[in-house]
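Data block below; observations after.
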Amino acid sequence: MSDNFEPKILGILCNWCSYAGADLAGTSRLKYPANIRIVKVMCSGRVEPTLILKAFQEGADGVLISGCHPGDCHYVDGNIKTLRRTPLVARLLTQIGIEPERFKQVWVSASEGEKFGKIVEQMVEDIKKVGPYQKKMGDQLDVVMHEVAASAKEAAAAEEKGGSNCGS
Amino acid sequence: MSDHKIGVYVCHCGSNINGVVNCAKVTEEIGKIGEVVVAKDYKYMCSDPGQEMIKNDIKEKGLDRVVIAACSPRMHEPTFRRALEGAGLNGYLLEMANIREHVSWVTKDKEEATKKALSLVKGAVKRVKLHEPIEEREVPVTNTTLVLGGGISGIQAALQVAEAGHKVYLIEQKQYIGGNMAKFDKTFPTLDCAACILTPKMVDVGQSPNIELYTSSEVIKVDGYVGNFTVTVREKPRYINHDKCTGCGDCASACIMKNRIPHEFDEGLSKRSAAYIPFPQAVPLKAVIDDGNCLFLTRKKCTLACVKACGAKAINFNQHETIHEFKVGSIILATGFDLFDAKRAPQYGYGRYANVINGLQFERMTNASGPTSGHITLADGTEPKSVAVIHCVGSRDENYNKYCSRVCCMSSVKFAHLVKDHCDAEVYEFYIDMRTFGKGYEEFYNRVQEEGVHFVRGKGAEVAQIDGRLVVIAEDTLLGQYREIPVDMVILNTALEPRVDAEKVAQTLGISRSGDGFFMESHIKLDPVTTTTDGIYLAGCCQSPKDIPDSVAQGSAAAAQSLAIIATGKVKISPISASIDSEQCAGCRICIGLCTYRAIKLNEETLRAEINEAVCKGCGTCAAGCPSGAIRVSHFNDDQLLAQIEGVLA
Ligand code: FES
C-alpha cells in the first residue's frame, strides 16, 4: 500500500531567488519528482504560519518554504525574519503532531536549479518514510489553526521586539 | 450562483508543454468548473493570434478573470497583462500557472505531469477569483545615472549618457579609470594599441561637464528603487589636493620609498614609490599616496621629502574619507573582472619560476611605456629564444572554473604574434581547441599561423624545470603523443573571474549572481543587460567574460536603458504594497520593527500603525507578523494565497 504513496508537497517560494531557481531547474531540463506544487510569494518573509497550517489542512503531506540565501533577500532581510520564525513554526507543528520531516525551510538562489530539484527529491523520500499525513487532531486542526497561527505570530513578534527598538 | 466569468487558456508552447502535459485533457477538466466559461488550449498563447483570441473572448464573452497556463510568469506575465489591458480588463485580473518550467520541463512521466499541471491551474482559478484590479504606480524619474566601474564598458556607458546631455556619477574603486584595458598593449584582431583607442575616451570622461568622476571610491549603500535610487559612496583619502596637484610626479621622485614597492599597474614587474602617478596617461592625472606603504602614514616617521618636493603644495596628510550621497534614476554596474591567480594552479609553476608569467604581465612587458619599455625579456634581462603560451589556465577546468573565459584564445594568438614581432623566438601555443569567434578573429588566427607559430592541440598539463630550463608537458591530441617542450618563457593565459567583492556588491545592490559567480542578467539571451532589479543594468565582464567589442556594446546597451528611463520621465513601479486596516490594528507596533524600509509609522493620534505606500516595497513581511491580521498585501493577501493553496492541493 504505502509503496504507492505519493506525497503531496506544497512549496512556497519567494519570487526573486527561489522561484527563479525552480525556473532554472526547468530551463536546464532537470527532472525531479512531480510531488510538489509551487505557490509564489514576493519574499519568504511573507510566509505566515496560517499558510503552512492551511496546507496540512488541505491534505498536504509536507510543506517546503524557500527563500534567498541570507544576505541575498531582495528586500534586504525578509529572509532573516523567516529564519527567526522557522524554529517556532517547526516547534508548533510538532506540538500538534506533525512530524519534522514534513516541514522544511531552505535557501535556494536563482542559480541553484539543481539544488532545488535535489531538495524536492530528498523531501519526497523523507516523507515517504513517515507515510501520509493523517490529521491526527481530526477536525480539531481547523479549530486550533487560528489559535496556533496567532500564537506563532505572537512568539515571533516577541522575538522581534527583543531584537529591535520599537517606536520612534 | 457564479459571480465570475473566467477564461482559462492552456498553452502548448509548441511541444515544450504539450509534449509532456496533455493540454487537451487539462483544458477539458478545467472547463468543468462552474465559473470557467471559456477553456481553450492553443499552440502558442503568447503569439499574436493567441493574444487576439484572449482579447476577443474578453470582449465577446465578457470574461472578468483570466488564467493562463503556460511558461513561467517571470517570462510572459507582462505580455499577458498587456493583452488583458488591450481588451479593457485590468492586468492584475490575470493569474498564470507555470506548467512549463515547473511541470513539463522537469517531469518525466506524462500522466504525473498532466496531473500536476491540472492542480496548478486549479490553484490559479481559485486564486484569480479573488484578484482585484490594481493600478500600476507611476513615479517620476531622477534624470541622473550612476555608473559603477571605470573600465572600458563603464566609460562607454558614462560617455553615452553624458553625451545625451545627462548627468553621470562615475565611481571607480582604483585611483584611475581605464580598468584592465589600460594595461593592455595591443588589442586583437586589429592590433590597435589599447592606449591609443582608450586614452581619448578617458580624457573625454575627465573633461565631460556631465560626468562627475569619483576615483578611490566605492558604493556602500543603495536605497530606493528604479527612477529614485539614493546611493551612498565612500571616497577614500588620496592625501593629495586634486585642485592643486599638477601630476608632475616630483613627489614620486622625491619619495624615500622610491623603487621599493611593486607597482600594481605593471603587475609587479616594476617598482614604484609610496607617492606616485599610477601611469603616464592616468585620468585623473594626479598623484596618489599609498597609505599602506607611506612611512609617514604608517609610522609617522618620514622626512616628508614629498611635501618638500611638491611645488604646488598639494600634499595633505590630514585628508579623511568623504561620504557622498547621490540621487540617481538608474545604476549601471560595470565592475569588470579579476584575473585568476595562477598560483592556485601550482602545476604551472607560477610564482615559483621567474620566467613563468601571466597574460597581463606579458601585456605590460610588450607595452612601450611598460616596465621593460616594450622589450620581451627574461628575468636575467636576456631575450627568450622560445616561448610557450598556455591557454585555459583556470578556465574550462572542473577544479577552478567550468566556463570558457572567451577572450583567451584570441589573446593567446595575439601574444604569439607579439613575440614574433618583438624577437626571434619560437612560439608554442598549447590549446584545447581554438575559439576564434568574432569579427575578423579567424582571419587573425590564420595570419598568425602563417607567421610560423607552433600550435599544439592539447592542454598544457604542467610546467617543470629540468636542468635549469622550463619544460612544458602536454599531450598533443592531434599527434596522439605526449610531449615535453623546453622553452625559456611561459605565458599562462589565465581565466577571467568574478571580482573578489562580487558577492558584497551584489548584496549592496540587491541583485543575484549566476552559478559561475558573475552578476546575473534577467534573461541570458533576450535580456542580457538588465538585472532582476528594475533600474540596475549590467555592462562588461561583471556579467560574464567578454572581449572589448562586446564590453563596449553592452556599455552602450546599458546606457540606452538608462536613457530610456530618463526619456520617459517616469517609471512604473510594482503596485504591490501593504496596507493596514485601522479597525483591526491593535497598535502593537510589531510591524514597525519588521519593516526594513521604515515604511510603517505609528499615528500618534489614533495609535494605529500606518503604511507609507510610496516607501513600501510589498514584501509582505509585516503582514506575516501582524498578530491581529490587520495588514493586507495587495495581490498577495491571505485570502488569495489560501485559495491558491487549496486549489493546488485539491
Ligand atoms: S526575496 Fe527571497 S527571501 Fe526575501
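The values are calculated or read from the model by the stated rules, or taken from the named source; none is laboratory data. As the structure is a computational prediction, the values presented were derived from the model and not from experiment. Don't worry about glycine lacking a Cβ; one is built from the backbone with ideal geometry, like all the others, and counts go over all protein chains shown. In case anyone asks, the SASA skips ligands and DNA or RNA and just uses the protein heavy atoms, side chains included. Shrake-Rupley method; radii C 1.70, N 1.55, O 1.52, S 1.80 Å.
Some values worked out for this structure:
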read-out: Fraction of accessible area attributable to carbon and sulfur, segment B:250-309 (%, probe 1.4 Å); value: 54 percent
read-out: Per-selection Kirkwood Rh - segment B:212-323 (Cα, Å, 1 d.p.); value: 15.1 Å
read-out: B:ARG469 accessible area, 1.4 Å probe, all protein chains in place, Å² to nearest 10; value: 90 Å²
read-out: For segment B:361-372, Karplus couplings with θ = phi - 60° (6.51, -1.76, 1.60), whole Hz, Gly/Pro x; value: 5, 5, 4, 4, 5, 7, 6, 4, 9, x, x, 10
read-out: When each of A:LYS8/A:LYS54; A:LYS118/B:LYS126; B:LYS570/B:LYS617 is checked by Cα-Cα distance, pairs over 19 Å; value: A:LYS118/B:LYS126
read-out: Neighbour net charge for B:SER273 - beta-carbon separation under 10 angstrom, K R +1, D E -1; value: +3
read-out: Segment B:5-97 shape via C-alpha gyration tensor axes, a/c threshold 1.5; value: oblate
read-out: Ranking by accessible area, most exposed first, for A:ASP61, B:ASP41 with a 1.4 Å probe; value: B:ASP41, A:ASP61
read-out: Chain pair B, A: total accessible area buried, heavy atoms, 1.4 Å probe, Å²; value: 4900 Å²
read-out: Distance between modelled label sites at B:ALA464 and B:LYS504, nm, 7 Å Cα→Cβ extension; value: 4.2 nm
read-out: Projected label distance in nm at B:GLU52 and B:LEU191, using a 7 Å step from Cα toward the beta-carbon; value: 5.8 nm
read-out: Residue-wise HN-Hα coupling along segment B:572-586, computed from phi with Karplus coefficients 6.51, -1.76, 1.60 (Hz; x: Gly, Pro); value: 7, 10, 3, x, 6, 8, 9, 9, 10, 7, 5, 5, 8, 5, 9
read-out: Of all DSSP beta bridges in chain B, antiparallel share, percent nearest 5; value: 50 percent
read-out: By accessible area with a 1.4 Å probe, ligands and nucleic acids excluded, highest first: order of B:HIS417, A:HIS69; value: A:HIS69, B:HIS417
read-out: Å³ per residue enclosed by the Cα convex hull of segment B:333-414; value: 125 Å³
read-out: B:LEU89 long-range amide H proximity, modeled H, under 5 Å; value: none
read-out: Most to least packed among B:220-228, B:272-280 [average Cβ atoms within 10 Å]; value: B:272-280, B:220-228
read-out: Packing-based order for B:182-191, B:546-555, B:608-617, using average beta carbon neighbours within 10 Å, highest first; value: B:546-555, B:182-191, B:608-617
read-out: Neighbouring partner chain Cβ atoms per residue of A:74-84, average, 10 Å criterion; value: 5
read-out: 0 to 90° range, to nearest 10: angle between helix B:408-422 axis and chain B longest Cα axis; value: 20 degrees
read-out: Accessible surface, segment A:1-85, averaged per residue in Å² (probe 1.4 Å); value: 27 Å²
read-out: Extension gain from B:LYS343 to B:THR303, taking 0.36 nm per residue of separation minus the Cα-Cα distance; value: 10.6 nm
read-out: Largest-first principal axis extents of the Cα set of segment B:151-197 (Å); value: 34, 24, 13
read-out: Under 12 Å from the Cα of B:LYS286 - aspartates and glutamates, other chains or at least 8 residues apart; value: B:ASP243, B:ASP250
read-out: Cα-Cα separations in segment B:250-309 greater than 13 Å, expressed as whole percent; value: 59 percent
read-out: Charge sum, other residues only, whose C-beta stays under 11 Å from B:GLN319's C-beta, Lys/Arg counted +1 and Asp/Glu -1; value: -1
read-out: Average beta carbon contacts from partner chains per residue of A:109-117, 10 Å cutoff; value: 3
read-out: Alpha-carbon radius of gyration plus Dmax, which is the widest Cα pair, for segment B:515-567 in Å; value: 10.7, 35
read-out: Nearest-20 debye value, segment B:578-634 charge dipole, Cβ charges on Lys, Arg, Asp, Glu; value: 240 debye
read-out: Entries of B:LYS221/B:LYS525; B:LYS271/B:LYS301; B:LYS201/B:LYS385 with Cα pairs more than 27 Å apart; value: B:LYS221/B:LYS525; B:LYS201/B:LYS385
read-out: Listed residues B:SER544, B:SER217 arranged by accessible area, highest first, probe 1.4 Å; value: B:SER544, B:SER217
read-out: Charge context of B:HIS102, other residues only, Cβ under 12 angstrom, K/R +1, D/E -1; value: +3
read-out: Estimated distance in nm for a label pair at B:SER369 and B:ILE220, the labels positioned 7 Å out from Cα along Cα-to-Cβ; value: 3.3 nm
read-out: Portion, in percent, of the accessible area of segment B:357-498 that falls on carbon or sulfur, probe 1.4 Å; value: 44 percent
read-out: Accessible area of B:CYS248 in the full protein assembly, 1.4 Å probe (Å², nearest 10); value: 80 Å²
read-out: Calculated SAXS-style log₁₀ I(q)/I(0) at q = 0.06, 0.08, 0.09 Å⁻¹ - the protein assembly as shown, Debye, Cα scatterers; value: -0.48, -0.82, -0.98
read-out: Principal semi-axes in Å for segment B:578-634 [√(5λ), Cα gyration tensor, largest first]; value: 15, 12, 10
